[in-house]
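A quick write-up on the structure given underneath.
The values are calculated or read from the model by the stated rules, or taken from the named source; none is laboratory data. Here the structure is a predicted model, which means the values were calculated and not measured. Neighbour counts are summed over all protein chains in view; Cβ atoms, including those assigned to glycine, are modelled from backbone coordinates with ideal geometry.
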Amino acid sequence: MNRLYVLFVVLAVALSAVAQRVQVVDSEGLPIAAVCVTNEMGALVGTTDNEGWLGDAKGVKHLYFSHVAFKAMDVNIDTIPSLCVVMQDENFQLSELEVKPKELLYVQTYYRCVYVCDEGPLYFRAGVVDNTYELAKKKISAKTRSVARGGNGILRFVISTLVGRYIDQWARIDTMTYYKRILRNVDKGSLFVNRDPSGRQVVSDTISVLGYIDEDFQAGQRTTNFDRWSYSDHIEATEAAAKEAKTGKKQKDKRKHIEDGNHSYYEVYNIDENGNSRIDDLVMKQILVSGHFDRTDQDYIILLETFTIGRDYIDKKEFKQTRKENEVEMDINELRRLEQNHHIPPLAPNLKAAVDELFKKELKD
C-alpha cells in the first residue's frame, strides 16, 4: 500500500511538471509562427514554432503575445479553452502611391528592435530608414536614423557597436522578396512547395516543414514566413552526411541550432492581380532570432519589426531636402509620436512599459 501511495505521488508530481503547451492561431484557425510570448514583467517565456505552439508556458498564468502582423494581446491561460489563443489581424496598410516621372523611388521605413531574455528587455533600438531606389541603375541606397538604449551604458555600447549596424541593415528594403528567394531555391531543388487543405503553400526541404506562403488576392497581399536557421542547419547536416558517405570519416554534427533556437523571417507584400510586387510594396516584416546562452543559462530573442510608413517618387534635389529635414535626434517620446502618427501597431503593454523603463534608467545614469 505504501509503495502504491509513493507511486501515486511520484506520478502526480511528474504530471504537474509536464510542459504546459499553448497554440496560437489566427481568426481562420491557421497557426501563427514566431510569436514572442512574455510575462507581466516583460521577461521572455518563449516563441511559437511553425505550427503555432509555445512549447512551455513555464507555469506563467498571464501571458502577453506580440507579432508584427497581429494585435498584441494578453490572456489569462486559465480562461483559454483548449489552451488555444486566437490573435486578430492588425490591418496595417500602405498609403496610396502616385507614380511620377522622377528618377528616385523613395521608401521610408520605421523599425524597432527589442532584445529580451529571461530577465526582461535588455536593449531597445528604433529608428527611421530613408531608402531610395534609383530607377535607371536599379540601385538601392539607405540611411538610418536610430535611437538605442540598454540596461546599462556598457551593454548599450557593446550591442550598438557589434550588432547595431546589422539591425539597421535588416530594416532596409530589398530588391528581392523572401518569396522570390524561396522560389529560387525551389528551382534549384533544395526546397519544395506544396499546398495543404487550407490552400496555403507549404515550404519544406527533405527534413521538415520550414514555413508557409499565403496569397490573398482579394486583399491584394502575400504573406511569407520561413525558418532560415533550420534551413541552413539542414543544408549543413545534409552536406556533412554526403561527405561522410564519400570519405568514410565521421563529420561533426552541426544541427545544434534546431534545438537551441531559430531565425524566422516573416514578410507581408502587396501584390497585383498576377501576384507581382514592386520594391515599394513591402507592408511589414519581422525577423525573430532566438537562442540560449549556456554561460548564463538564459534564453533570449531578438525581435525586429519593420513597417513602411511613406513612399513617393522624387528627384535627387527633393531627396537631399528630405534627408536634411529628417536629421533630427529622436528620443522615446519622439518615437511614440511617430508610431501614433503613422498608426504603427504598439508593442504589447508589458513590453512597452519595460522599454520605457530602459529609457528612464538611461536618463538617471
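Quick notes
- Qualifying position, being at negative phi and in contact (Cβ under 8 Å) with a residue 60 or more places away in the chain, among Leu105, Leu135: Leu105
- Filtered residues of the range 10-40 (kept if at pLDDT below 90 and touching a strand residue (DSSP E or B) at 6+ places or on another chain (Cβ under 7 Å)): Arg21
- Meets criteria (surrounded by 15 or more Cβ atoms within 10 Å (Cβ to Cβ), closer than 23 Å to Gln93 by Cα and under 23 Å from the mean Cα position of the chain (by Cα)) for Leu347: yes
- In the range 17-62, the residues that are within 15 Å of the chain's Cα centre (by Cα) and outside any strand (DSSP E or B): Ile32, Ala33, Ala34, Val35, Asp49, Asn50, Gly52
- Restricting the first member to the range 148-169 and to residues that are without any contact (Cβ under 8 Å) to a residue 40 or more places away in the chain, and the second to residues that are surrounded by fewer than 20 Cβ atoms within 10 Å (Cβ to Cβ) and assigned to a helix (DSSP H, G or I), the beta-carbon pairs closer than 6 Å and six or more apart or on different chains are Ala148/Ser160.
- Within the range 175-195, restricting attention to residues that are part of a loop (DSSP other than H, G, I, E, B) and among the hydroxyl-bearing types (Ser, Thr, Tyr), the residue that is farthest from Tyr133 (Cα to Cα) is Ser190.
- Of all residues making up the range 174-200, the number that are farther than 23 Å from Gln286 by Cα, free of Cβ contacts under 8 Å to residues at least 24 places away in the same chain and polar (S, T, N, Q): 1
- Selection status of Phe65, part of a loop (DSSP other than H, G, I, E, B), aromatic (Phe, Trp, Tyr) and within 19 Å of the chain's Cα centre (by Cα): no
- Of residues in the range 112-159 being under 25 Å from Glu325 (Cβ atoms) and among the polar types (S, T, N, Q), the one surrounded by the most Cβ atoms within 10 Å (Cβ to Cβ): Asn131
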